[in-house]
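Below: one structure, written as structure tokens.
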Amino acid sequence: MVEDEKRLAAGLRNGLEADGFAVDVALNGTDGLWLAKEEPYDAIVLDLMLPEVNGYEICERLREARIWTPILMLTARDGASDEVRALDSGADDYLTKPFAHAVLVARIRALLRRGAPQRPTVLEAGDLRLDPAGHRAWRGANEVELTAREMELLEFLMRRAGEVVSKTEILAHVWDYDFEGDPNIVEVYVGHLRNKVDRPFGRRALETIRGAGYRLDADGG
Ligand code: CA
């Protein structure tokens, strides 16, 4: 459990332990993120508003690190946007404060029954395959050599296959949120990718959508 309000954290911990759970408590985001990465927990109860690193960031960083421990996010406000963002950042469920202890327990049990979601280890788009963990990519039976950046760009486009993604989104995810270089670098890298996964195989999967961005067409032939 990652919760910075000490009394609430202690109360929740006592309640959960009375219900038979073993609970570790982190009182700030930094400790919570560290513990979540180091320990194989069955589930994480994660407060949204935390000092140092907030709940959204913790979720995102865990998912980026390919840690799929089920996460129940505690949202304090009742704005629907918090909840949407909680789920978008990788949480599996959310609970709005204040809540009844029985509801918290029921939600945790539901998450435990579901277990860590099965995320595909190898992404596929048509006969293009990419193994992000193993840093390998294939077009059909042919392995394609990609640089780390090309790999990240292809992974991003494959996760959004069929959708138009803007240059800005690509820069934010594949480069950095505060990228300040020349945005045309995206075009350059899409060109590199085309030369590796499309042209040698007579394919046109990586499409430029004028004025909008790029789209990976899985069937691009
Ligand atoms: Ca808080």
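The values are calculated or read from the model by the stated rules, or taken from the named source; none is laboratory data. In this text, all values refer to a predicted model and were calculated from it rather than measured experimentally. Note: ideal-geometry Cβ built from the backbone for every residue, glycine included; neighbour counts use all protein chains shown. What goes into the accessible areas is simple: the full protein's heavy atoms, side chains included, and nothing from ligands, DNA or RNA. Shrake-Rupley method; radii C 1.70, N 1.55, O 1.52, S 1.80 Å.
Quick notes on this one:
- Given +1 at the Cβ of Lys and Arg, -1 at the Cβ of Asp and Glu and no other charges, the dipole of the chain around its Cα centre is 680 debye to the nearest 20.
- Degrees between helix 101-114 axis and first principal axis of the chain (Cα, 0 to 90, nearest 10): 40
- Helix 29-38 axis versus longest C-alpha principal axis of the chain: approximately 70°, rounded to the nearest ten.
- Coarse-grained scattering of region 6-114 at q = 0.09, 0.17, 0.19 Å⁻¹, given as base-10 log I(q)/I(0) from a Debye sum over alpha-carbon atoms: -0.20, -0.76, -0.98
- Antiparallel content of DSSP bridges confined to the chain, in %, to 5: 60
- Here region 6-114 is assigned +1 on the Cβ of each Lys and Arg and -1 on the Cβ of each Asp and Glu. Its dipole about the Cα centre then comes out at about 240 debye.
- Dipole-positive endmost among Thr96, Asn142, Trp68 within the chain (Cβ charges, Cα centre): Asn142
- Percentage, to the nearest whole number, of Cα pairs in region 123-216 over 14 Å apart: 63
- Volume per residue that the Cα convex hull of the chain spans, once the total is divided by residue count, Å³: 141
- Peptides 55-63, 165-173, 102-110 ordered by average Cβ neighbours within 10 Å, highest first: 55-63, 165-173, 102-110
- Debye, to nearest 20: dipole size of region 123-216, +1 on Lys, Arg Cβ, -1 on Asp, Glu Cβ: 480
- Accessible surface, 1.4 Å probe, highest first, among residues Phe201, Phe99: Phe201, Phe99
- When a 1.4 Å probe is rolled over the protein heavy atoms, the share of accessible surface on region 6-114 that falls to carbon and sulfur comes to 51 percent.
- Calculated [θ] (222 nm, deg cm²/dmol) that DSSP helices of n ≥ 4 give over the chain, each run adding -39,500 (n - 2.57): -11000 deg cm²/dmol
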